[in-house]
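See structure below.
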Amino acid sequence: MGYVIARLKLLPKEPGMKGDKLHGTIQANLPKDMSIKQIKDEPLAFGLFYIFVDIHFEEKDGAMNALESAIDKIDQISEFETVAVSKTSTKIG
């Protein structure tokens, strides 16, 4: 099937929380066959940042559900959404 990259937009619970502080927690919660390719912070307001995370994994049945379930279990994240999913041969803006 191939590999894909999913871009997620995360909103941390705490003001000032950035991707570098959550990198280890996110990676530890991901299934073993998934890895973080990139994390970017984007200011929102009042010290809050959106954290955009690109996660690389094999395209297979249930993989996206497993990813979303893993992210949902992280206490420091108040909400998240999947922004894009793309084959690795395609670049996500």
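The values are calculated or read from the model by the stated rules, or taken from the named source; none is laboratory data. Everything numeric in this text was worked out from a predicted model, so none of it was measured. Here the Cβ positions follow ideal geometry from the backbone for every residue, glycine too, while neighbour counts run over all protein chains shown. Accessible surface areas use protein heavy atoms only, side chains included; no ligands, DNA or RNA. Shrake-Rupley method; radii C 1.70, N 1.55, O 1.52, S 1.80 Å.
Got at least one residue in segment 1-15 being among the aliphatic types (A, V, I, L, M), over 13 Å from V83 (Cβ atoms) and modelled with pLDDT under 90?
Yes; the residues of segment 1-15 include at least one that is among the aliphatic types (A, V, I, L, M), over 13 Å from V83 (Cβ atoms) and modelled with pLDDT under 90.
Looking at segment 1-16, which of its residues are open to solvent by less than 80 Å² (accessible area, probe 1.4 Å), without any contact (Cβ under 8 Å) to a residue 60 or more places away in the chain and in contact with a strand residue (DSSP E or B) (Cβ under 7 Å, 6 or more places away or on another chain)?
If the condition is that a residue be open to solvent by less than 80 Å² (accessible area, probe 1.4 Å), without any contact (Cβ under 8 Å) to a residue 60 or more places away in the chain and in contact with a strand residue (DSSP E or B) (Cβ under 7 Å, 6 or more places away or on another chain), then no residue fits.
Filter segment 57-82 down to residues that are β-branched (V, I, T) and more than 10 Å from the chain's Cα centre (by Cα) and give me whichever is surrounded by the fewest Cβ atoms within 10 Å (Cβ to Cβ).
I74
Mind counting the residues in segment 37-93 that are among the small types (G, A, S) and not in a strand (DSSP E or B)?
The total comes to 8.
Inspect all residues belonging to segment 45-53 and state whether any of them is open to solvent by less than 90 Å² (accessible area, probe 1.4 Å) and in contact with a Ser or Thr (Cβ under 9 Å, 6 or more places away or on another chain).
No, because not a single residue in segment 45-53 is open to solvent by less than 90 Å² (accessible area, probe 1.4 Å) and in contact with a Ser or Thr (Cβ under 9 Å, 6 or more places away or on another chain).
Suppose we keep only residues that are touching a residue at least 12 places away in the same chain (Cβ under 8 Å) and over 12 Å from the mean Cα position of the chain (by Cα) within segment 22-56. Which one would you say is nearest to K87 (Cα to Cα)?
D33
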